[in-house]
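Enquirer: Handing you this structure, nothing more for now.
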Amino acid sequence: MNILVINAGSSSLKYQLFDMVRERVLAKGKVERIGMETAMLTHEPADRPELREVSEILDHTAAIRKVLRILTDPKEGVLRSIDDVHAAGHRVVHGGETFSGSVRIDDDVKREIRRLYDLAPLHNPGALTGILAVEANLPHIPQVAVFDTAFHQTMPPASFRYAIPHVFYKKHGVRRYGFHGTSHQYVSERAAELSGKRPDELKIVSCHIGNGASVTAIRCGKSFDTSMGMTPLEGLMMGTRSGDIDPAIVPFAMDKEDLSVSEVNSMLNKHSGLFAVSGGLGDMREVLEAVQDGDRRAKLAFDMYEYRLRKYIGAYAAAMNGFDTLIFTAGVGENSALLRKTVCEGLTFLGLRLDAEANERGGGGERKISTADSAVDVWVIPTNEELMIARDTFRISGGRPLQENP
Ligand code: ADP
């Protein structure tokens, strides 16, 4: 059974095609600048060179048509016909309180994703457009929605409620939802497997540190608390997002700089974080290079980034009355030995001992980076949200090709 995994944004769309019998990626790629004459398709078939094509792609339906054409192209393709795409799985950022797991998409699900636009105005519209575009091109295949928020629906009210008047929760759904759920779930389940334990035997702190970054406390295999909130702005300092600030800064900044709601939103989401503190570097690799060159603003940005992450890990250790597993994943978490080292050196009071050599060893891949006598196992586990989406889609759409699945 072949499953097409789609991650659609407002003007871009990423895809991966999985053969679920062997759980193998047949091809992946992306379409960028949808809506423009110079839209670009990047296609990477497994074991063959990447290919790029620039052409006019005016909407998501045309983008999916283009993807299906390249997937079935006699030379560059990996499928004989589009009938060999048996189901599609979509990443949807916000599932609100409605979705605590992945679901097969029907009219009610589409309506609900649309109703949640208010909570995720930058993300959910793109996802729904992707769903409709697949439907337009492949009307007969089952489609499944996998939500970034779903894994966190197990949080208790003491974790997810904000201490503001009840009406905001009741009437407007203001609460902590958390994001990166698919990633936190994937790496925590992998850590359990690699440790030879069941997820319910572990207390895990999972750090997804990419452009966006969040930490999750996972107790008995369930999300217990997480650093992102009603939106992905709360919590850790990120590439261009502020993370936690005193909420009084928002009206203060609006007043002093005469900012509108959208301007203050943009300031906090796009012009803050590493970017603001370092003086224009929003990418961790650039920050690390500048630190090497002796740049003091970049050094402060790195120090703040690391310090805030370490504080969250300490807070979640307290939240769960201890922990036994720490996981680093995503772009920075998987690749920056320096960040992991600095964080772990400040957690020795918990009995955590880093294996310096294992931490420095490059090459990627899953690996334990703590010593045998460490009280906490520390893992680097590359995330794989697409595989999680493909697995859920496989399970929910019956795990059988369409012709056996009326
Ligand atoms: P996204 O949230 O967009 O999926 P990623 O998980 O790809 O982001 O992470 C992107 C971040 O990872 C960037 O800040 C990038 O600089 C950082 N990164 C990638 N490789 C390295 C590396 N070798 N060392 C440090 N940071 C890295």
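The values are calculated or read from the model by the stated rules, or taken from the named source; none is laboratory data. Remember, predicted model here, so these are calculated numbers, not experimental data. Neighbour counts are summed over all protein chains in view; Cβ atoms, including those assigned to glycine, are modelled from backbone coordinates with ideal geometry. The accessibility values were calculated without ligands, DNA or RNA, using every heavy atom of the protein model including side chains. Shrake-Rupley method; radii C 1.70, N 1.55, O 1.52, S 1.80 Å.
Enquirer: Accessible area of the chain with a 1.4 Å probe: how many percent of it is carbon plus sulfur? Don't jump to the answer; show the numbers that get you there.
Expert: On the way: 9640 of 19050 Å².
The nonpolar share, carbon plus sulfur, comes to 51 percent.
Enquirer: Follow-up question, since we're still on this one. Over region 18-96, what is the relative contact order in whole percent, taking alpha-carbon pairs under 8 Å and six or more residues apart?
Expert: Numbers: 96 pairs, mean separation 15.4, N = 79.
Result for region 18-96 is 19 percent.
Enquirer: Same structure, new question: Please name whichever of 350, 290, 233 sits farthest to the positive end of the charge dipole of region 216-366, dipole taken about the Cα centre and charges placed at Cβ: Lys and Arg +1, Asp and Glu -1.
Expert: Projecting each Cα onto the dipole axis, the largest value belongs to 350.
Enquirer: Assign unit charges at the C-beta atoms only (+1 for Lys and Arg, -1 for Asp and Glu), then state the dipole size of region 289-406 relative to its Cα centre in Debye, rounded to the nearest 20.
Expert: Using only the charged Cβ atoms, the result is roughly 260 debye.
Enquirer: With springs only between Cα atoms under 10 Å, which of 225, 324, 255 fluctuates most in a Gaussian network model of the chain?
Expert: Of 225, 324, 255, the most mobile in the Gaussian network model is 255.
Enquirer: Taking the Cα centre of the chain as origin and charging only Cβ (+1 Lys, Arg; -1 Asp, Glu), how large is the dipole, in debye to the nearest 20?
Expert: Values: 49 positive and 54 negative charges, 130 e Å.
Dipole about the Cα centre, nearest 20: 620 debye.
Enquirer: In vacuo Debye scattering of region 307-364, one point per C-alpha: log10 I(q)/I(0) at q = 0.18, 0.20, 0.28 Å⁻¹?
Expert: Values, matching the q order: -0.63, -0.77, -1.34.
Enquirer: What whole-number value in cubic angstrom gives the convex hull volume per residue for the C-alpha atoms of the chain? Before the final figure, lay out the partial values.
Expert: Numbers: hull volume 65.8 nm³, N = 406.
So the per-residue hull volume is 162 Å³.
Enquirer: Under a point-charge model restricted to the Cβ atoms of Lys and Arg (+1) and Asp and Glu (-1), what is the dipole moment magnitude of region 198-355 relative to its Cα centre, in debye to the nearest 20? Display every interim value, and only then the final one.
Expert: Numbers: 17 positive and 21 negative charges, 89 e Å.
About 420 debye.
Enquirer: What length, rounded to one decimal in nm, is gained on full extension from residue 115 through to residue 54, with 0.36 nm per residue of separation minus their alpha-carbon distance?
Expert: Value of the extension gain: 18.5 nm.
Enquirer: While we're on this one: Report relative contact order for region 246-346 in percent, whole number only (criteria: Cα-Cα under 8 Å, sequence separation at least 6).
Expert: 16 percent
Enquirer: Any of 270/368; 66/110; 14/222 with alpha carbons more than 26 Å apart? Name them for me.
Expert: As for pairs spanning more than 26 Å Cα to Cα, those are 270/368; 14/222.
Enquirer: Can you list the aspartates and glutamates whose alpha carbon is less than 17 Å from that of residue 299, not counting same-chain residues fewer than 8 positions off?
Expert: Reachable aspartates and glutamates: 283, 286, 289.
Enquirer: Take the alpha-carbon centre of region 85-144, take the same for region 322-381, and report the distance between them in whole Å.
Expert: If you average the Cα positions of each part, the centres end up 36 Å apart.
Enquirer: Do you know the relative contact order of the chain, to the nearest whole percent, from alpha carbon pairs under 8 angstrom that are 6+ apart?
Expert: Relative contact order comes out at 14 percent.
Enquirer: Quick check: pseudo-label points 7 Å beyond the Cα along Cα→Cβ at residue 163 and residue 108, how many nm apart are they?
Expert: 3.9 nm
Enquirer: To the nearest Å, what is the center-to-center distance of region 258-319 and region 47-66, using C-alpha atoms only?
Expert: With region 258-319 and region 47-66 each reduced to a Cα centre, they are spaced 34 Å.
Enquirer: Return one whole number: the accessible area per residue of region 299-357 in Å², for a 1.4 Å probe.
Expert: Each residue of region 299-357 exposes 42 Å² on average to a 1.4 Å probe.
Enquirer: A further question on this structure: Is the C-alpha gyration tensor of region 133-184 telling us rounded, prolate or oblate? Criteria: a/c under 1.5 is rounded; beyond that, a/b larger than b/c is prolate, otherwise oblate.
Expert: Judged from the Cα gyration tensor, region 133-184 comes out prolate (a/c at least 1.5, a/b above b/c).
Enquirer: In nm, to one decimal, how far is the residue 304 label point from the residue 265 one, both placed 7 Å along Cα→Cβ?
Expert: 2.3 nm
Enquirer: Also: If N is the number of residues in region 24-80, what value comes out of its Cα radius of gyration divided by 2.2 N^0.38 Å? Each step should come with its number before you reach the end.
Expert: On the way: Rg = 11.0 Å, N = 57, 2.2 N^0.38 = 10.2 Å.
Cα Rg divided by the expected 2.2 N^0.38 Å: 1.08.
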